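As structure tokens, the structure follows; a few thoughts come after it.
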Amino acid sequence: MKSVAYSTLKIALGALMIVCASLAAEAQTLKVPAGFKTSIVADNLGKARHIALTKKGDLYVKLARPVNGKGILFLKDKDGDGKYDETSGFGSYGGTGIYLKDNYLYASSDEEVFRYELDENQAVVKPESPEKIVKGLIARNQHETKSIVLDNSANIYVTIGAYSNSCQVQDRRQGSPGRPGCPILDSAGGVWQFKSDRLNQSYGEGIRYATGLRNVVGLDWNSQDKSLYVMQHGRDQLSMFPDLFSSEQSAELPSECMFKIIKNDDAGWPYIYYDHIQKKNILAPEYGGDGKKEGDTKYIKPVVGFPAHLAPNGLLFYTGEQFPAKYKNGAFIAFHGSWNRSPQAQEGYYVAFVPFKNGAPSGDWEIFAEGFAGVEVVNSPRQAQHRPCGLAQGPDGSLFVSDDVKGTIYKISYTKN
């Protein structure tokens, strides 16, 4: 009997060693700058969207869809080996947004925002009894996710994506004109500001902080210049106007944009788009543009324009001490990856970095971590084994990256060796 139990234990340990070796090998397929190392600290969680770390290094993960009825996971590393080995969950709703601030954990569904009281270790006190702080937000099966961030003045910012590509009379229909005065903008296509300590707010209690933003998933509060920054998913399918744009041009344009947002800013969607090649705001074809006519000067310009269709889903300003000095106060962006760059290969599926100095970009952007897709050329997003989505900074200054394909969590650390 003893030998059977011993054999069973050996088989289980062998299987565990194979899984660990596989995860280690998979982590090493990521390419990062010299001096950095990568590891996988959790896997197979579900569609892991945004993430947040406690001061002790415990991890909250927001799932796009609940797993076993739980939409928020809480991970702990009980034995201190650098891998999360204890998982609990709560919150019966899916979604994207999650954020830790002071004594509360904030989390969003596609229509509401909740907060959970925390104890001294930033663990949720009453997981089954959150307070609802925002309700009744638009969610119409396109760009419906709600990302969140807080400032230092008890304000929470909620992104509300436009349920349209370019506000056409017939959405995504070749040659269809844009709707005059785009009515979508009254309740979507922007960022709304609410109070983080007030319950049951709806549109009427909130402020339309910025408009003309088609779809923002990644955003962060820059503590250096005390401003909100957002990453916009640019519009698709300029090729719906084939007399004006080729399929190749539609693959390269328009830009994915990083905006610095000041209250009452208008980024111009759907009337204009940003062209990073010409470095201009260009009038959209639905509203009389031809790829050359510039848009109204009242619309803000991005602080950085990236290539088209990379899908920026995460933004983080790095404030840690672990990474080299060039990364301090700079911005990391998780590019989820494109689906619509045909006839070219798909792009993205990496984490990029933008250096900042005195609250402004101070150099060209660069790819920081790549290889998440697991294949050299991505022709269809279904080929990608992992897609970066959320970013968070660990208490030791390491960078965590979530993946919403297999629910993998990566940790990137600087070793100096």
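The values are calculated or read from the model by the stated rules, or taken from the named source; none is laboratory data. Because the structure is predicted, anything quoted here is derived from the model rather than measured. Cβ coordinates were reconstructed from backbone atoms using ideal geometry, including for glycine residues, and neighbour counts include every protein chain displayed.
For this structure, a couple of remarks:
- Tally of residues being assigned to a loop (DSSP other than H, G, I, E, B) and surrounded by fewer than 16 Cβ atoms within 10 Å (Cβ to Cβ) across the range 46-72: 4
- Apart from one condition, Leu185 fits all of (1) part of a loop (DSSP other than H, G, I, E, B); (2) more than 21 Å from Gln346 (Cα to Cα); (3) in contact (Cβ under 8 Å) with a residue 12 or more places away in the chain; (4) out of contact with any Leu (no Cβ under 9 Å at 6 or more places or on another chain); the exception is (1).
- Residues satisfying the stated conditions in the range 82-116, i.e. small (Gly, Ala, Ser), surrounded by fewer than 22 Cβ atoms within 10 Å (Cβ to Cβ) and over 18 Å from the mean Cα position of the chain (by Cα): Gly82, Ser88, Gly89, Ser92
- Taken together, Lys328, Lys411, Lys416 contain a single residue that is more than 18 Å from the chain's Cα centre (by Cα), touching a residue at least 60 places away in the same chain (Cβ under 8 Å) and within 21 Å of Gly35 (Cα to Cα), which is Lys416.
- Neighbours by Cβ (under 7 Å, 6+ apart or cross-chain): first from the range 207-233, within 18 Å of Ser196 (Cα to Cα); second surrounded by 24 or more Cβ atoms within 10 Å (Cβ to Cβ) and modelled with pLDDT under 95: none
- Taking the range 306-329 as the range and being among the small types (Gly, Ala, Ser) and crowded, with 22+ Cβ neighbours inside 10 Å as the test, the residues that pass are Ala308, Ala311, Gly314.
- Some residue of the range 129-140 being polar (S, T, N, Q) and either over 30 Å from Lys56 (Cβ atoms) or in contact (Cβ under 8 Å) with a residue 40 or more places away in the chain (or both): no
- Leu75 being of a type in the set (A, V, I, L, M), in a loop (DSSP other than H, G, I, E, B), crowded, with 22+ Cβ neighbours inside 10 Å and at pLDDT 95 or above: no
- Selection over the range 80-112 of residues that are within 30 Å of Ala162 (Cβ to Cβ), in a loop (DSSP other than H, G, I, E, B) and of a type outside the set (Ser, Thr, Tyr) gives a count of 7.
- Hits in the range 246-293 - residues which are in a strand (DSSP E or B) and touching a Gly at 6+ places or on another chain (Cβ under 7 Å): Glu256, Cys257, Asp266, Ile272, Tyr273, Tyr274, Asn281, Ile282, Leu283
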